[in-house]
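Each remark here refers to the structure printed beneath this line.
The values are calculated or read from the model by the stated rules, or taken from the named source; none is laboratory data. Note that the structure is predicted; figures quoted are calculated from it, not measured. Cβ placement follows ideal geometry from the backbone for every residue including glycine, while neighbour counts extend to all protein chains displayed. Accessible surface areas use protein heavy atoms only, side chains included; no ligands, DNA or RNA. Shrake-Rupley method; radii C 1.70, N 1.55, O 1.52, S 1.80 Å.
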Amino acid sequence: MKYLVGANFKMYKSQKDLKEYFDQFVNNYACFVNIDLMIAPMTVCLGTASEMTKDSCVHLGAQNMHYEEQWAFTGETSPVVLKELGAEYVIIGHSERRQYFSETNEMINKKLKAALHHGIRPILCIGENLEQKELGISKETLKIQLREALQGIDEVEKIDIAYEPIRAIGTGKSATPEGVQEIHEYIRSIIGNEKSRIIYGGSVNDTNAESLISQPAINGFLIGSASLDPQKFLKILDVVSKSESVKK
Ligand code: PEP
């Protein structure tokens, strides 16, 4: 199994910023044999990003998509177009989409099915909020998210899972390596296949990456803030590339 390391640029980085980023990044990034690297810029920048990263080892991803191929849905993006623009991955069910755009597990389930149908590898985001953690229902919450999101899908091994506890996203307060290890083992026991990568997201940076990735059940990262600086992101990739905890 290769590690999966993903960068989620959210609504940061204009086309001009992307050019500067990739000028530094692609030139300095020698492909790591044990890592699949995914970068998800804003959807409107995917075509340009495709040009900038061609002949490199960067795989592009989208941050969201609609489940319909075409319909009268003003402002939405079709999986067909994502594919045309060069997206190989798509992040589905990010907590910001659940929170600010009212995405439900039912919608997420449809999006996963559509992505698989169109040959785009989904990264399904799940995670409990602080209240759920304090109530001691983290695992129950994750189980429901997984059950509803994966309902009727028999190719779960074609999906990677990102465990992103909401309290850790963008706060600078990562979950503990031991805590993430325990949750990832739990997620693995539910999805029941060894091929999906279970990656961690939530304030991963160049200081805490090593202790996190040394946990055997952490198969990579989804990174927001620290991916915006190419030098920091390269440092994290370097740390992951030297880790041997991933299953062969
Ligand atoms: C994210 O948004 O998926 C994320 C993990 O962000 P950050 O790394 O900034 O916590």
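Side notes on the structure shown:
- Couplings for the stretch 69-82, taken from phi via the Karplus curve 6.51 cos²θ - 1.76 cosθ + 1.60 with θ = phi - 60°, read 6, 7, 5, 7, 10, 3, x, 8, 10, 7, x, 4, 6, 4 Hz in order; Gly and Pro are left as x.
- Here's the list of lysines a cross-link from Lys16 could span, going by alpha-carbon distance under 27 Å and ignoring same-chain residues fewer than 8 apart: Lys54, Lys83, Lys232, Lys235.
- The residues of the stretch 4-163 have, on average, 50 Å² of accessible surface per residue, using a 1.4 Å probe with all protein chains present.
- The apolar share of the surface of the chain, taken as the fraction of accessible area on carbon and sulfur atoms (1.4 Å probe, ligands and nucleic acids excluded), comes to 51 percent.
- For the stretch 151-157, backbone phi angles converted through the Karplus equation (6.51, -1.76, 1.60; θ = phi - 60°) give residue-by-residue couplings of 4, x, 9, 9, 10, 4, 5 Hz, Gly and Pro being listed as x.
- The stretch 1-96 - percent relative contact order, Cα under 8 Å, separation 6 or more: 28
- For the chain, a Gaussian network of Cα nodes joined below 10 Å ranks Glu134, Glu96, Glu84 by mean-square fluctuation, and the top entry is Glu134.
- Taking 16 Å as the straight-line reach from the Cα of Lys158, the lysines in range (excluding those fewer than 8 positions away in the same chain) are Lys2, Lys110, Lys111, Lys113, Lys195.
- P(r) of the chain over all Cα-Cα pairs, binned every 5 Å from zero, in whole percent: 1, 6, 15, 19, 21, 18, 12, 6, 2, 0
- Near Ile39, the amide H atoms lying under 5 Å from its own belong to Ala7, His59, Leu60, Gly61; only residues 5 or more places off or on other chains count, and H is placed 1.01 Å from N.
- Summing Cβ point charges (Lys, Arg +1; Asp, Glu -1) relative to the Cα centre of the stretch 156-247 gives a dipole of roughly 140 debye.
- Dipole-positive endmost among Asn105, Ala30, Ile190 within the chain (Cβ charges, Cα centre): Ala30
- Ordering of 209-219, 170-180 by burial proxy (mean other Cβ atoms within 10 Å per residue, highest first): 209-219, 170-180
- Among the cysteines of the chain, Cys45, Cys125 have no other cysteine beta carbon within less than 4.7 Å of their own.
- Near the amide H of Ser174, within less than 5 Å, lie no amide hydrogens of residues on another chain or at least 5 residues away, with H placed in the peptide plane.
- Coupling constants for the stretch 140-148 follow from the phi torsions by the Karplus curve (6.51 cos²θ - 1.76 cosθ + 1.60, θ = phi - 60°), and in residue order they are 4, 4, 5, 4, 5, 4, 5, 4, 6 Hz; glycine and proline get x.
- The length gained on full extension between Arg188 and Cys31, counted as 0.36 nm times the residue separation minus their Cα-Cα distance, comes to 53.7 nm.
- Contact order relative to length of the chain, as percent, for alpha carbon pairs under 8 angstrom and 6 or more apart: 20
- Net lengthening on full extension, Glu148/Tyr12 (0.36 nm per residue, minus Cα-Cα): 45.9 nm
- Segment Glu88..Lys235, full-extension length gain: 50.5 nm, with 0.36 nm per residue of separation and the alpha-carbon distance subtracted.
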